[in-house]
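Okay, structure first, notes after.
The values are calculated or read from the model by the stated rules, or taken from the named source; none is laboratory data. Because the structure is predicted, anything quoted here is derived from the model rather than measured. Cβ coordinates were reconstructed from backbone atoms using ideal geometry, including for glycine residues, and neighbour counts include every protein chain displayed. The protein model used for the area step is the full one, side chains on, heavy atoms only, and it has no ligands, DNA or RNA in it. Shrake-Rupley method; radii C 1.70, N 1.55, O 1.52, S 1.80 Å.
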Amino acid sequence: MSPIRSATIAALASALVATTLTGCQFGEAEQDTSPIVIAADLELSGAAAPMGRAYQRALELKRDQLNSSGALNGRKIDLRVKDNRSDAAESLRNIADFSSDSRVSAIVMGGCSECAVGAVGVINEKRIPTIALAASGAISSPVADRRYVFKLGPNAADSASALTTELRRKNVRKVALLASNDDYGREGVLALRRELGKTTIKVAGEESVKTTDTEVGQQVGKLVKLKPDALVVWTPPEQATLAATSAQQAAFRGSLFFDAGAAGDLFLGAAARATEKATMVFTQTMVIDDVIATTPAKAARRQWFQDYTARYGGYNGSSSFAADAIQLIADAELRAGGPAGKVDRDGIRDVLETSQIDGLSGPIRMTPDNHSGLMPQALTTLVARNGRWRLAG
């Protein structure tokens, strides 16, 4: 190689190094490729395990979709899951561990209302944004005492309003109510009484069940003897299925109505006959294969339904809430900005508080005055037909 050519190559190499250094030192900030760490406290064993496992599947699917989409600007979601064994004390320990890890951006909590309410103090103290998938309104209200806590899922007042509208439409005159003896069940009873009080529909009687009960026949039997036109079931999915079977065994001839908290698997399995023609208030995503995808949001919901079904062989209605929680947190992390590799929990909280998306569950709107984001318009009426839920009408 000639001396002139060698010198030229050396000069070009030096210029390239200098340009690279100048870009690093004086150009735009280095791209943040650190993981977005999202923790999840779920009921993977114990009484609420079926729903907890459905949430876990949804979180993992949505994580994989976002990580492969390129939408996170070169970053990846790192999902860290702990089992709370359907126990509020264990859940609190999990929340304390997650919040003490500075790498964790936010927490997703499962379907245990008592767990979420019990963790509010630690969540606020550690200033870690948390989205709970449980139903109780006490999780996110009053907002002044729950600045870092948000909720996804149907609200009791919205479910009660939708159920009452459907009861009136079907000319029901007398109802009996079976509700879970927990925060959401008690909240539901009050909301339903309030809505029914605006009508001529009479409440013949009320019975309660524990969320862990595996036998509800006695309570259902008492209600059936009152000969109501309709039995309203305001319980988690497992008790709702038991109630339908017990009502069938008691030769109940009236109609069954389920609130949104009773939603579980799309296919009703062994309870198919007992639930035939039952009505449930829930989000459209549960039956999106019955809906024509006329908007991008509906197309995304249909794709989610298909992807979940393809991976897991079935569909759980509440899976969309978990997926929306991951989406909200990832969006908030990216919008909050901050130094590369540093978690800005306060920034994430501030973004979450004003988040507005047309989610997989339906329209979601968070505000400084309302941390429970699912809009009433997300709810629709479903009916059980031939062993699965279908869009009513």
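Filter segment 276-285 down to the residues that are crowded, with 16+ Cβ neighbours inside 10 Å and at pLDDT 95 or above and list them by number. Step through it out loud before you land on a result.
The first filter runs over segment 276-285 and keeps only residues crowded, with 16+ Cβ neighbours inside 10 Å, leaving 276, 278-285.
Passing the criteria: E276, A278, T279, M280, V281, F282, T283.
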Single residue of segment 97-112 satisfying the filter (in contact with a helix residue (DSSP H, G or I) (Cβ under 8 Å, 6 or more places away or on another chain) and open to solvent by 10 Å² or more (accessible area, probe 1.4 Å)) that is modelled with the highest pLDDT:
S100
Can you name the condition, by its number, that A270 falls short on among (1) of a type in the set (A, V, I, L, M); (2) farther than 19 Å from S159 by Cβ; (3) modelled with pLDDT under 95; (4) surrounded by 20 or more Cβ atoms within 10 Å (Cβ to Cβ)?
(4)
Unmet requirement for D346, which otherwise passes all of (1) in contact with a helix residue (DSSP H, G or I) (Cβ under 6 Å, 6 or more places away or on another chain); (2) open to solvent by 10 Å² or more (accessible area, probe 1.4 Å):
(1)
Among the residues of segment 286-300, write down those that are open to solvent by 50 Å² or more (accessible area, probe 1.4 Å) and under 10 Å from L360 (Cα atoms).
K298
Strands (runs of 3 or more DSSP E) completely within segment 98-187 that count 1 or more residues being within 18 Å of the chain's Cα centre (by Cα) and of a type in the set (A, V, I, L, M, F, W, C):
104-109, 130-132, 149-151
Kindly provide the set of residues from segment 229-255 that are assigned to a strand (DSSP E or B) and surrounded by fewer than 24 Cβ atoms within 10 Å (Cβ to Cβ), ordered by number.
A230, S255
Sole miss for G46 among (1) at negative phi; (2) open to solvent by 30 Å² or more (accessible area, probe 1.4 Å); (3) at pLDDT 50 or above; (4) not β-branched (V, I, T) is condition (1)
The number of residues in segment 114-134 that are within 19 Å of T212 (Cα to Cα) and in contact with a strand residue (DSSP E or B) (Cβ under 8 Å, 6 or more places away or on another chain) is 4
Flagged in segment 370-393 as open to solvent by less than 40 Å² (accessible area, probe 1.4 Å) and either charged (D, E, K, R) or free of Cβ contacts under 8 Å to residues at least 60 places away in the same chain (or both), in numbering order, are R388
